[in-house]
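Remarks on the structure that follows.
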Amino acid sequence: MTTKKHLFYGTLRKGHENVSRDKTYNYERFGSGTQKYIKTLRIPGYKMYDLGHYPCIVESDNNNKEITVELHEVNEETAQKISFMEKGAGYLSKNIEIGEEKAIIYFYPKELINKLQCQDSEIKSGDWCS
């Protein structure tokens, strides 16, 4: 079975129950049986914004900005479903290097943050689940 590595920072992260914000919805929707948690880490070069029911990230020119992500291995079918969901919500994707491996991350273009007028909702800690 083919798998892909993904970096999750919002509703696809595991084990962050907070019923009022429904943070585990997408993790449970895609099922823990279709993805394997590898580790939690912080990566530089991104800013995170709270959009209410889910976060978004944008690339930052400041490498001192970091976000908390989980590295997961996802089967091909689930990877396609996640891609459809994320791209349908306006996210772009790219492969980034994590140590000696590559992983897919979904992010918003910077222009969209201005359009959504959510600059004031930056999550300074870089961790939506904290």
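The values are calculated or read from the model by the stated rules, or taken from the named source; none is laboratory data. Note that the coordinates shown come from a computational prediction; the quantities given were computed from them, not determined experimentally. Positions of Cβ are generated from backbone atoms using ideal geometry, with glycine treated the same way; all protein chains shown enter the neighbour counts. To get the accessible areas, we keep the full protein, side chains included, count just its heavy atoms, and leave off ligands, DNA and RNA. Shrake-Rupley method; radii C 1.70, N 1.55, O 1.52, S 1.80 Å.
Count the lysine pairs in region 45-130 whose Cα atoms lie under 21 Å apart, taking only pairs 8 or more positions apart in sequence or on different chains.
Number of lysine pairs found: 20.
Taking the Cα centre of region 48-91 as origin, sum charge times position over the Cβ atoms of Lys and Arg (+1) and Asp and Glu (-1), and report the length of that vector in debye to the nearest 20.
About 160 debye.
With r defined as the distance between the Cβ atoms of Glu101 and Leu51 and R0 fixed at 25 Å, what FRET efficiency is calculated, to the nearest 0.05?
After rounding, the FRET efficiency stands at 0.30.
Which order do Lys65, Lys4, Lys36 take by accessible area at a 1.4 Å probe, largest first?
Of Lys65, Lys4, Lys36, the descending order of accessible area is Lys36, Lys4, Lys65.
If you plug each phi of region 95-103 into the Karplus form 6.51 cos²θ - 1.76 cosθ + 1.60 with θ = phi - 60°, what whole-Hz ³J(HN,Hα) values come out, in order, with x for Gly and Pro?
Once θ is set to phi - 60°, the couplings for region 95-103 become 8, 10, 7, 10, x, 9, 10, 10, 9 Hz.
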